[in-house]
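Down below is the structure, laid out as structure tokens.
The values are calculated or read from the model by the stated rules, or taken from the named source; none is laboratory data. Here the structure is a predicted model, which is why all the values come from computation and not from measurement. Every residue, glycine among them, receives a Cβ derived from its backbone with ideal geometry; neighbour counts consider all protein chains shown.
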Amino acid sequence: MNVYANGCPGRIVAVEGQTLLFFSGTSYLGLADNKAFHDKIKEGLDQYGSNFAVSRSSNIRLDIYDRFERFMAKEFLFEDCMTLSSGYLAGRLLVDYYFNKGRMFYSPDVHPTLWGQGERKANGQSFESWADETVQLINTTDEAHYIIFTNSLSNLSAVIYPFDWLNRIHPDKNVTVIIDDSHGIGVVGKEHKGISELLPPLRSSRIETVVVDSIGKALGIPGGVIFGRRSLLEQLRHSPFYTGSSPIIPAYLFAFMQTGSERKKAMECLSRNITFFKAHAPSGITDLTYDYPVFLLKDDGVAEYCLDKGILLSSFPYPKPEGANLTRIVLNACHTEEDLLFLIQTLKAFYGI
């Protein structure tokens, strides 16, 4: 069910001559359609130009990159942060850096960006059983280093993963846990700081956590970041994936640092929308457990039905193009209560409730 839009979607999207309510995408805070954010991007364009076509290792540098990385590290509770031009590039840098540095494990549904060599598990396995298995393998084998690649949550089913199992790893084991928090950063947690809020205090000093994000989703910046300890990130900055690549367009970094109040208002709107939808959605059609703006639907046919009624849901094969459609409702901060009521009424009509 492919459709072609005539402009950037927010709460609505123009598709082939008609206007549809938009319940898809990953712009959870609606920044892709936020005028205040756009105005600051325009200010940034005036100051920094449309692109900074220079590598980060060049002898001419913009101070905004260092300022933004310090800002992000403080904002999201890490010692250091580095930026790259995409989340994909950030992920591939980590895969390349850790290749052959230890025994590698991959959680179910980990993003393909982080796939490398190692014991990648079948997607049919639950996260909990995979975590139990991984802890058992680490505790009963003798390797110099273990590297774990995992998501912070499943953007397929909107399940937020627990990480208390890390404290069951023996304290004499050297483990690096690389967590993709692309769909959690800016949305998940009481302060919306993502996985940095949700990780339990780790008992072992030999377990290191590194977080990688695409920040083009909730945070609205076409780029990627890596969070971690400063000494590690200094090593990563020598990677050719970093030194040989162009940086993020600086106008977006300028705009982001100027619009904290807009993000706060957007998150308040999104939280209200999640609460309203969970309170009024028909029971049994989706899991309403988590305070997260994505809801997996149990019937693929609902997407076509909603499209006929003027609602565009997220529905396409994922993660493999030959797989079955994954149909989801994605809320964003731009939706109104009237939008949600119309969606709920349409769902009730489809399911005969």
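Looking only at segment 188-235, residues that are under 12 Å from F76 (Cα atoms), among the β-branched types (V, I, T) and part of a loop (DSSP other than H, G, I, E, B) come to 1 in all.
Using beta carbons and a limit of 9 Å, which pairs, at least six apart or on different chains, have the first residue in segment 12-24 and part of a loop (DSSP other than H, G, I, E, B) and the second one charged (D, E, K, R)? Close Cβ pairs satisfying both conditions: S24/R328.
With over 25 Å from C334 (Cα atoms), at pLDDT 95 or above and out of contact with any Phe, Trp or Tyr (no Cβ under 8 Å at 6 or more places or on another chain) as the only criterion, which of D80, D46 stands out?
One residue alone meets the criteria, D46.
Give me the pairs: first residue in segment 58-83 and in a loop (DSSP other than H, G, I, E, B), second residue surrounded by fewer than 16 Cβ atoms within 10 Å (Cβ to Cβ), beta-carbon distance under 6 Å, and six or more apart or on different chains, which are they? Every condition considered, the pairs that remain are I60/V54; E79/R229; E79/R230. Within segment 43-57, the residues that satisfy the criterion of being part of a helix (DSSP H, G or I), surrounded by fewer than 16 Cβ atoms within 10 Å (Cβ to Cβ) and either touching a residue at least 40 places away in the same chain (Cβ under 8 Å) or not charged (D, E, K, R) (or both) are E43, Q47. Of everything listed in (1) touching a helix residue (DSSP H, G or I) at 6+ places or on another chain (Cβ under 9 Å); (2) over 30 Å from Y48 (Cβ atoms), the single unmet condition for F254 is (2).
Residue-level check: of (1) at pLDDT below 95; (2) under 26 Å from T141 (Cβ atoms); (3) of a type outside the set (V, I, T), E197 misses just (2). Looking only at residues in segment 25-37 that are in contact with a Cys (Cβ under 8 Å, 6 or more places away or on another chain) and assigned to a helix (DSSP H, G or I), the one that is surrounded by the fewest Cβ atoms within 10 Å (Cβ to Cβ) is A32. Scanning segment 314-331 for residues that are closer than 12 Å to F23 by Cα, in contact with a Ser or Thr (Cβ under 6 Å, 6 or more places away or on another chain) and touching a residue at least 60 places away in the same chain (Cβ under 8 Å) yields S314, S315, R328, V330.
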